[in-house]
Amino acid sequence: MRAGRSDASRVVITGLGIVSSIGIGIPDFVDSLRSGRSGAKPITSFDTTGYDYSIGCEITGFEPGQWIKNVPTEELGRTSQFSIAAARMAIEDAGLSTDDLRSLSCQISIGTTDGESKDLDHLTETQVLSGWEALDPVICSRIYANLLSVAIAREFGLSHAETTTIATACSAGNYSIGNGFDAIRVGDTDIALCGGADAVCRKTFTAFYRLGTIAPDCCRPFDRDRQGILTGEGAGVLVLESLESALTRGATIHAEVLGYGLTCDAYHPVAPEAASVARCMDIALRDANVKPHEVDLISAHGTGTKANDVTEVRAIREVFGDTVPRTISLKSMLGHTMGAASALSAIGCSLAITHGFIPPTINHRETDPECTIDCVPNTSVEADLRIVQNNGLAFGGNNAVVILGRYDEEHA
Amino acid sequence: MSILAIDRVQRVNELACTHLELDPGEITDTALFIEDYGVDSLSIIDFTAAIEKEFSIAISREALPELVNLAAVYELLANSPVL
């Protein structure tokens, strides 16, 4: 089916690591996706006095010590902790030992919106209330965005790994997957650990609040009454390797990465532009050698803001014409996990393919006539999925779309 | 309806010129920010945040779309209790 591509240049997903408000690890996450679980609850990680409403999708009960064995946890901000935890889960899921990883070349790409902004919030508050002298040097030393990817190399002793933190915000997870995908298909690396991570911070909540894009109750993508996002947190990491490598070592293959596309609108700081979004989908489909009518499902960026959903559906209609597939938003369940969003969605797409179901868009009451789409409202459905598209559209017009395909051994 | 004091009118004008990137000479009370001056929605949020801070008032999310020109801002201020 994938004519013209050798096993060495085909890229497959062999490990998944998930830290999310609806489940840590694959079994809990799959269960939540199937049952349409919501991660929404009142925010507790910062003082919410003064805000008219403050619901978010925080992660409770995350134990750093359960996942982080080598790097002292006080040297890691919350986002880096999530990043390592998801990486560890993905590596174990892939059946790779630390010795294996150290003997192979590795590319580590982690995408983010805020990096360690939760720590920056804290430092800012300290400085305002108590002055520069009161800043904690331990916190100051762990705020650098590059640590999100370096921390993984540190934890597993991967002294030869190439580490990259990609800061294209809410589509950065897809950028990282594309980065890992490229590195493997051109033979630059044996293993790519790629994904995204972010932690809830007051700064981001306030910025979205100021823009009038925080929902007072829940996230309702494509709904007539949608009011905006709920800020969330977490990390998603995927292990990518060549098909040849996976088959040689007998790894379990979750799905295949068929291709991806990137565009930048160069239009507006925060408003998306439909033509550029459509062009990004075109580029991804062409890279994957997939025709629009072959796509069985789209995992939308689907933030649940007025602007995004109508623009994204317009772009989808432009590309897919009469063959618009079912289009869901996992943000209805996860909230907007920022840099982790498109990584967690890509993982959701991969699991949907393997387990044969479409996760629902929850909180749906009435589809907005301005963005009519079959969003699989409220209840998951069984589905035979062969090709799934994952959209990531970020502020700054940074768009990244990834195409995943089911790997069928008998048709390989 | 109360009338806004002249010094506050002047201050609102200054803030409008700074945050909406307009010349003092070109701005009028009735011209529309978006339709007539091509002001960006993000700049309006910036401007209203500055108004809130300068005059110690809170502008509700519902009131924002009604602030279409300077006259609307004067009226809002004249009728807003100080926090």
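Computed from the coordinates by the stated procedures, all read-outs in this text should not be read as laboratory data. No experiment lies behind these values; they were computed from the predicted model shown. Please note: Cβ atoms are built from the backbone with ideal geometry, for glycine as well, and neighbour counts cover all protein chains shown.
Among A:393-403, A:262-272, A:209-219, A:334-344, sorting by the average number of other beta carbon atoms lying within 10 angstrom of each residue, highest first, gives A:334-344, A:393-403, A:209-219, A:262-272.
By the gyration tensor of its Cα atoms, with a ≥ b ≥ c the square roots of the eigenvalues, what is the shape of the range A:21-103: rounded for a/c under 1.5, prolate for a/b over b/c, or oblate? It is oblate, given that a/c is not under 1.5 and a/b is not larger than b/c.
Listed here are the pairs A:Lys306/B:Lys53; A:Lys69/A:Lys203; A:Lys203/A:Lys331; A:Lys306/A:Lys331; A:Lys41/A:Lys118; which of them are more than 23 Å apart at the Cα? Long pairs (Cα-Cα over 23 Å): A:Lys306/B:Lys53; A:Lys69/A:Lys203. Here the Gaussian network model covers chain B, with springs between Cα atoms less than 10 Å apart; of B:Val39, B:Val73, B:Val12, B:Val39 fluctuates the most. Under conditions of 37 °C and 0.692 mPa s, the range B:21-83 yields 269 µm² s⁻¹ as its translational diffusion coefficient, taking Rh as the Kirkwood radius over Cα pairs in the Stokes-Einstein equation. Its residues counted as N, the range A:258-407 yields a C-alpha radius of gyration over 2.2 N^0.38 Å of 0.93.
The residues neighbouring B:His19, those whose beta-carbon lies less than 14 Å from its own, together hold a net charge of -4 under the Lys/Arg +1, Asp/Glu -1 convention. The modelled label-to-label distance between A:Asp99 and B:Glu14, using points 7 Å beyond Cα along the C-beta direction, is 7.3 nm. With distances taken between every two different alpha-carbon atoms, the range B:1-54 has a Kirkwood hydrodynamic radius of 11.7 Å. The alpha carbon gyration tensor of the range A:324-412 gives principal lengths a ≥ b ≥ c with a/c of 1.5 or higher and a/b no greater than b/c, which makes the shape oblate. The GNM of chain A, with springs linking C-alpha atoms under 10 angstrom apart, assigns the highest mean-square fluctuation among A:Val186, A:Val313, A:Val19 to A:Val186.
Net charge of the neighbourhood of A:Thr337, taken over other residues with C-beta under 9 Å away and scored Lys/Arg +1, Asp/Glu -1, is -1. The share of C-alpha pairs in the protein assembly as shown whose separation exceeds 35 Å stands at 35 percent. Note on B:40-46: average number of Cβ atoms from other chains within 10 Å of each residue's Cβ is 3. Apply the a/c threshold of 1.5 to the C-alpha gyration tensor of the range A:123-175 and tell me whether it is rounded, prolate or oblate. In terms of gyration-tensor shape, oblate.
With R₀ fixed at 51 Å, the C-beta to C-beta distance from B:Ala58 to A:Thr323 puts the FRET efficiency at about 0.55. With a Förster radius of 22 Å applied to the beta-carbon distance between A:Leu129 and A:Thr206, the computed FRET efficiency rounds to 0.80.
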